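Quick notes on the structure that follows.
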Amino acid sequence: MGKYDEMWEKLNIDMPAHEGLMAVLGKFYGDIYLSQQGRLQGMEYLDLVLSEIHGLRVRELQEAKQKEGRKVIGTFCVFVPEELTIAANAIQVGLCSGADAGKEEVEKLIPRNTCALIKSLVGFKLAHLCPFTESCDLIVGETTCDGKKKAYETLGEFAPVYVMEVPQCTSEDDKVLWKAEIIRYKEKIEEMTGNTITAESLKKAIVIVNNKRKAIQRLNKLRVAEPVPISGRDALLINQMGFYDDPERFTAQVNLLCDQLEEKIAKGEGVAPKGTPRLLMSGCPMAVPNWKLPYVTESAGAIIVGEESCVGTRNIRDLVDENGKTVDDMINALTDRYLKIDCACFTPNTERVDNILDLAKATKADGVLQYTLMFCQPYAQENFRVEKSLRQEEIPSMIVETDYGMEDVEQLKTRIEAFVEMVK
Ligand code: SF4
Ligand code: SF4
């Protein structure tokens, strides 16, 4: 019996299917990550978090629940304010939605022409494959895109789900609605945990989450060096792990990694020779273990220098103002910060185009790959506008539409190799 089998059985995990998933994931990780040359020592921390993702971290969650009575909150979107969760002494985790799971069962409940991320978020629950999902006392959804908000109704038949209403626009009236939603979530989490959120606990939580964002901001500044000191795959993994690990431990480890990156940059060392084409990824989020496109891109001779996505800069670009004195001041600060998230679900969403142009310039990108999950209307619609603006700035871009399957890998490789040749 494996060291976590008893825990997984108690969580009602489908053991044979889970063993199969872990074997595939391990092989995939070995090919994509461990095969890289010249990785930083600090990446061992991420290798450990990933290899133990369903083990050690889940055990920590279980112990926090059993010994300390803490609650675990699962999310699928960066709109759920982690500051409130932490301030109520609960734990927030991003849930698995980056691989096909339980697809056959899912397609009996939601339309086939739904994006892979949505199918996956329902599929992991139906297939009993994710110990994080099974550890959750509550899953907090949001009314972002139509597919997701309807899928939460379906997920709600199998798990405790609570939905936050995210407005569609960002006017002053929308801000009022969003503030009311933040307060509603605060009351919900207080009721669940039995803990009242105070100015002191909220301030502390704001600092914890800001520090996490600042650590990734620091990483992003360092990775623009030439030669590029860290692969896009590793940088994506860091962003992904930020949704699972303890926030303070994660921040400390990312800062250690950044110290190593500084040393590497000072010595002029990189993971790719000077002059390697630099690409920016932009668009839909890449949840664990969705590493397909970064792998194909970097295998095609390019290096990824930034991710304009929710598992990337969109999640860490803006900080929450730390100067609030009262709970209401801090709720206002959270309202402002979260409404700056330039998700394609908003209309209009012109800031996103400006942010992509700024990021392409800051990362000195030679081109932009617009990553779109098949059937994702919001990002597919915005692709045209983004492409037009990039063209005006003479920055080459290519739209890549795909899903979680491996059938299109060769075709993607051919297209991306041609794009890389073009931007050289
Ligand atoms: S892209 Fe939009 S819906 Fe998706 S995680 Fe980001 S904010 Fe949420
Ligand atoms: S990728 Fe697009 S369709 Fe899928 S959940 Fe995100 S916004 Fe919705």
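The values are calculated or read from the model by the stated rules, or taken from the named source; none is laboratory data. Predicted model, so just to flag it, every value in this text is computed and none were measured. Heads up, the Cβs are rebuilt from the backbone with ideal geometry, glycines too, and the neighbour counts pull from every protein chain shown.
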Qualifying position, being within 30 Å of R213 (Cβ to Cβ) and modelled with pLDDT of 95 or more, among E60, E6: E60
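Yes/no matrix, rows are residues, columns are (1) touching a residue at least 40 places away in the same chain (Cβ under 8 Å); (2) closer than 26 Å to E142 by Cα:
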site	(1), (2)
D358	no, no
A362	yes, no
G367	yes, no
Q381	no, yes
R385	no, yes
Please determine, by comparing only the residues of region 96-123 that are hydrophobic (A, V, I, L, M, F, W, C), free of Cβ contacts under 8 Å to residues at least 60 places away in the same chain and assigned to a loop (DSSP other than H, G, I, E, B), which one is surrounded by the fewest Cβ atoms within 10 Å (Cβ to Cβ). L109
Limited to region 52-92, what total is found for residues that are of a type in the set (A, V, I, L, M) and in a helix (DSSP H, G or I)? 7
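Would you check if there is a residue in region 340-351 being assigned to a loop (DSSP other than H, G, I, E, B) and either under 23 Å from P277 (Cβ atoms) or among the charged types (D, E, K, R) (or both)?
Checked region 340-351: at least one residue is assigned to a loop (DSSP other than H, G, I, E, B) and either under 23 Å from P277 (Cβ atoms) or among the charged types (D, E, K, R) (or both).
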Would you please name the residue that is surrounded by the most Cβ atoms within 10 Å (Cβ to Cβ), looking only at residues in region 290-304 that are assigned to a loop (DSSP other than H, G, I, E, B) and more than 14 Å from ligand 2 (Cβ to nearest atom)? A302
Members of region 125-152 found to be within 16 Å of ligand 1 (Cβ to nearest atom) and not β-branched (V, I, T), listed by number: G141, E142, C145, D146, G147, K148, K149, K150, A151, Y152
Checking the structure you have, find out if any residue of region 405-417 is within 18 Å of C284 (Cα to Cα), out of contact with any His (no Cβ under 7 Å at 6 or more places or on another chain), within 16 Å of ligand 1 (Cβ to nearest atom) and of a type outside the set (K, R). no
For region 352-388, which positions are surrounded by fewer than 18 Cβ atoms within 10 Å (Cβ to Cβ) and either of a type in the set (G, A, S) or within 14 Å of ligand 2 (Cβ to nearest atom) (or both)? A362, M374, Q377, Q381
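Rundown of residues vs (1) under 28 Å from I118 (Cβ atoms); (2) within 16 Å of ligand 2 (Cβ to nearest atom), yes/no style:
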residue	(1), (2)
P273	no, no
V288	yes, yes
G306	yes, no
R314	yes, yes
R317	yes, no
Residues within region 88-123 that are within 16 Å of ligand 1 (Cβ to nearest atom) and within 21 Å of E52 (Cβ to Cβ), tallied: 7
